[in-house]
Amino acid sequence: MLVAGLGTDASAEPKLFESSEVTPAGEYTKGIEGPAVDADGNLYVVNFGRPGTIGKLAAGAAQSQKAFDLPAGSIGSAIRIDAAGTMFIADYKKHNVFAVKDGGLVPEVYFHSDLMNQPNDITLARDGTIYASDPTFKGRRGQIWRIAKSANGSVQGTVMTASRPMGTTNGIDLSPDGATLYVGESNTGEVWAYRLNGAELAAARLVRAFEPDTIDGIRTDVAGRLLIARIRKGAIAVVAPDGSLQREIIMRGEEPTNLAFGGADGRTVFVTQRQGGFVEAFQTDQEGREHCLQTRSC
């Protein structure tokens, strides 16, 4: 069943935590990831039809369309959109972070480093700083990059130091106050919290451990909860900052890769499904952190 514009029609308010398909199966490749919603409610997802594309599901639509292509050889893995409408895209193949200005269709290199393994997921701080997970899946380890503008306006990237060796860094997001960075490690199934101190990941704390190789993307809501894609488990876990599991939301597909908040009130959660290459969505009871920053309501 397709439900167009989930979370936008107050007269047909869906049940909380009940997921429905919002795009047809097969629109996206198995590399479907990186969902992000702009201020107008449009959903953007990587790898529409073939690798290296960005798909767009317009607000209220039931089918996606191609928004634009990335440069030849580049393949996106994550998208985030800031309050000014600039879209940032992690390109794991060519080690770039692209920027696409509001209303634009031409990705420009915002940051590049040959020292990157393969930038995977990214998150945006209130001041525009980008934090990027950078795993090496074969080596089952990873690192985090801090990417920010310097005083002269140039964009600089630094590999952050950490007090512990990190596993395969993957899903990543910030706490609502921006002081804590959450990082999921795919190989161990662990989610870690770090206190941000410049380019240092300090005070490492294990939030929760799942089975190895069963977690992917992470998003936080304004209440500080973590929503974690349980790939191969067919669920989204809702975890409190202290690590307690509050609920698991059962998905239509078995391989959720990532998620993003959207909808008129920021409480619609869009989930990308590797199995079948489609997007599903459900309503939650809290606005997403990033949506709140986008709309400047917090």
Given the conditions (1) in contact with an Asp or Glu (Cβ under 8 Å, 6 or more places away or on another chain); (2) modelled with pLDDT of 95 or more, and given that residue 94 satisfies all but one, which numbered condition is not satisfied? (1)
Could you list all residues from region 162-186 that are farther than 24 Å from residue 258 by Cα and surrounded by 14 or more Cβ atoms within 10 Å (Cβ to Cβ)? 162
Return a yes/no flag: does region 162-176 have any residue that is among the charged types (D, E, K, R), assigned to a strand (DSSP E or B), within 25 Å of residue 246 (Cβ to Cβ) and touching a residue at least 60 places away in the same chain (Cβ under 8 Å). yes
When you scan region 108-131, do you find a residue that is more than 22 Å from residue 183 (Cβ to Cβ), surrounded by fewer than 16 Cβ atoms within 10 Å (Cβ to Cβ), among the β-branched types (Val, Ile, Thr) and at pLDDT below 95, even just one? no
Output yes when any residue across region 45-64 is of a type in the set (Ser, Thr, Tyr), at pLDDT 95 or above, under 18 Å from the mean Cα position of the chain (by Cα) and buried (at least 17 other Cβ atoms within 10 Å of the Cβ), and no when none is. yes
Residue among 267, 208, 296 that is surrounded by 18 or more Cβ atoms within 10 Å (Cβ to Cβ) and either in contact with a helix residue (DSSP H, G or I) (Cβ under 6 Å, 6 or more places away or on another chain) or closer than 21 Å to residue 41 by Cα (or both): 267
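Of these, 199, 151, which one is under 22 Å from residue 126 (Cα atoms), hydrophobic (A, V, I, L, M, F, W, C) and at pLDDT below 95?
Result of the check over 199, 151: 151.
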Quick one: how many residues across region 132-148 are at pLDDT 95 or above and either among the acidic types (Asp, Glu) or assigned to a loop (DSSP other than H, G, I, E, B) (or both)? 1
Here the residues within region 67-114 that are farther than 26 Å from residue 170 by Cα and either within 16 Å of the chain's Cα centre (by Cα) or of a type outside the set (A, V, I, L, M, F, W, C) (or both) are 102, 103, 104
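Select, from 91, 82, the only residue that is touching a helix residue (DSSP H, G or I) at 6+ places or on another chain (Cβ under 9 Å) and either surrounded by 15 or more Cβ atoms within 10 Å (Cβ to Cβ) or aromatic (Phe, Trp, Tyr) (or both). Break it down into steps so the answer makes sense when it comes.
On the way: 91 fails: touching a helix residue (DSSP H, G or I) at 6+ places or on another chain (Cβ under 9 Å).
Every option except 82 fails the conditions.
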Would you please name the residue that is farthest from residue 25 (Cα to Cα), looking only at residues in region 58-94 that are assigned to a loop (DSSP other than H, G, I, E, B) and among the basic types (Lys, Arg)? 94
Is it the case that residue 73 is at positive phi and at pLDDT 95 or above? yes
Evaluate the following for residue 227: is it within 14 Å of the chain's Cα centre (by Cα), surrounded by 15 or more Cβ atoms within 10 Å (Cβ to Cβ) and not hydroxyl-bearing (Ser, Thr, Tyr)? yes
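The values are calculated or read from the model by the stated rules, or taken from the named source; none is laboratory data. What you are looking at is a predicted structure, and each value in this text was computed from that prediction instead of being measured. No Cβ is skipped: glycine too gets one built from the backbone with ideal geometry, and neighbour counts run over all protein chains shown.
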